[in-house]
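In what follows, a structure is listed as structure tokens, so that the remarks can point back to it.
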Amino acid sequence: MKSFDKPPRWNFFPMAATVVLSILFFGFFYYNQYIKITRFTDFNQQEPFHESSNSTNVLPLEECDIFTGEWVFDNTSSHPLYKEEDCEYLNNMVTCLKNGRPDSSYQKWRWQPRDCSLPKFEAKLFLEKLRGKRLMFVGDSLNFNQMLSMVCIVQSVIPPEKRSMSYATYITVFKMEDYNATIEFYWAPYLVESNVDPPNMRDGTVDPIVKLGSISKHGQNWENLDYLVFNTFIWWRYPVVKVLQRGSFDDRPTDYNKIDQSVAYENALNSWAKWVGENVDPNRTSVFFISSAPQHNKGSAWNNTLGIQCSNETMPILNMSTIDVGTNWKLFETAEKVIQSVKVPVHFINITGLSEYRKDAHTSLYSAPGGKVLTKEQKTDPARYADCVHWCLPGLPDTWNELLYTLILHQT
């Protein structure tokens, strides 16, 4: 067999050198051209983010639906955003650990949008956005839930002597002296006037009656705000709504009509939309509307046929396929439609879908109806006493505020 001689070694090196030099020259030329046309990211100026497990690209907020994503268990120090025992402003309606809840994993779930990431909530940065301004949550007890969450997120960076909480008939105000700013809550569960607005009528035992066209009585307290965050849903749970026809609630009204829930809801939101369009200066005030928060009263919705409402639930629904926990999507769509008709910009914060998965996050048997923690005997009857409407803090409402924070930062 004929053998092939190896090429002389002295011929190899000139060829290799020529190839290497050519590659280096081309690479250097290409790099110079590249840096002339490419603006590199200044990572020192970026908000930190956590990469989604199913995302390879982090899109700008304009191109990202921050309400579509997944729940990720975050066992780092980033969540929860505060500790229950460190926030003196929480009431016993939401302090689930203090009220005897044995698990705390519900505090560690982080919302991860599919195609981008939420910025880390920087309390000092947010307070600078609020400097000299007023942020008011308007609506029902779930909006009060969210207001308390926001207070707890920011209060740790404010000296105790420079912060305070005050309560009045309709308004709760958290004041931050160094920032000349407030975070407030205004009670208006229907947004329009109703007979359950007064403090002694809010316990759920009074048959509610609404006055659909009457909003100015409440609205005069919402004027000249810098940020308005509205919600209204859980008090619309009755399929038929009693609507006052004439007179006032001071006269103990009996002259009312019964109207279909969806019709009454749309009429009330139209009154609210008209008020916003006529009274909000978009150059000063940013308006947000929080969508409906779900309830979890049917264990069969997440295949727990032995469960009683949301009691003893310690994990979110992790199967991200379509679920049905009984959300009234018709009212959701009504809110969307009305918001699109408002004459000034209103930012719709869609918490509904992402909150449907959080069957674990309710106050359940660890609430305090009437201000009293449930007894051992009451806890044995979850069908009667489990609160599957409200939420523990820290918990899910903190995520709602992360979404609100993201939108406020994005505006400016």
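Just a few scattered comments:
- Subset of segment 200-212 that is surrounded by fewer than 15 Cβ atoms within 10 Å (Cβ to Cβ) and over 28 Å from the mean Cα position of the chain (by Cα) - its residue that is nearest to TRP187 (Cα to Cα): ASN200
- Listed by first and then second residue, the pairs with beta-carbon distance under 8 Å, at least 6 apart or on different chains, first residue in segment 178-193 and on the phi > 0 side of the Ramachandran plot, second among the aromatic types (Phe, Trp, Tyr) and crowded, with 21+ Cβ neighbours inside 10 Å, are LEU191/PHE230; LEU191/TRP272.
- With respect to being open to solvent by less than 60 Å² (accessible area, probe 1.4 Å) and at pLDDT below 95, ASP115 fits the description.
- Within segment 244-303, the residues that satisfy the criterion of being β-branched (Val, Ile, Thr), under 22 Å from GLY219 (Cβ atoms) and assigned to a loop (DSSP other than H, G, I, E, B) are VAL280, THR285.
- Residue in segment 261-273 that is out of contact with any Cys (no Cβ under 9 Å at 6 or more places or on another chain) and either under 30 Å from LYS108 (Cα atoms) or open to solvent by 80 Å² or more (accessible area, probe 1.4 Å) (or both) present: no
- The number of residues in segment 142-181 that are part of a helix (DSSP H, G or I) and either buried (at least 20 other Cβ atoms within 10 Å of the Cβ) or of a type in the set (Phe, Trp, Tyr) (or both) comes to 15.
- Scanning segment 201-229 for residues that are among the β-branched types (Val, Ile, Thr) and in contact (Cβ under 8 Å) with a residue 12 or more places away in the chain gives ILE209, VAL210, ILE215, VAL229.
- Of all the residues in segment 237-251, those that are in contact (Cβ under 8 Å) with a residue 40 or more places away in the chain and open to solvent by 50 Å² or more (accessible area, probe 1.4 Å) number 0.
- One residue stands out among those in segment 122-139 that are open to solvent by 20 Å² or more (accessible area, probe 1.4 Å) and of a type outside the set (Lys, Arg): the one that is farthest from GLY219 (Cα to Cα), which is GLU122.
- The number of residues in segment 213-229 being open to solvent by 60 Å² or more (accessible area, probe 1.4 Å) and within 22 Å of THR182 (Cβ to Cβ) comes to 4.
- Test for LYS359: is it within 28 Å of PRO394 (Cβ to Cβ), open to solvent by 50 Å² or more (accessible area, probe 1.4 Å) and among the basic types (Lys, Arg): no
- Boolean, PRO189 is more than 18 Å from THR285 (Cβ to Cβ), of a type outside the set (A, V, I, L, M) and open to solvent by 10 Å² or more (accessible area, probe 1.4 Å): no
- Per this entry, GLU184 is not counted among residues that are within 30 Å of LYS258 (Cβ to Cβ), among the acidic types (Asp, Glu) and surrounded by 13 or more Cβ atoms within 10 Å (Cβ to Cβ).
The values are calculated or read from the model by the stated rules, or taken from the named source; none is laboratory data. Computed from a predicted structure; not experimentally measured. As a convention, Cβ positions derive from the backbone with ideal geometry for all residues, glycine included, and neighbour counts pool all protein chains shown. The area values use the complete protein model at the heavy-atom level, side chains included, leaving out ligands, DNA and RNA. Shrake-Rupley method; radii C 1.70, N 1.55, O 1.52, S 1.80 Å.
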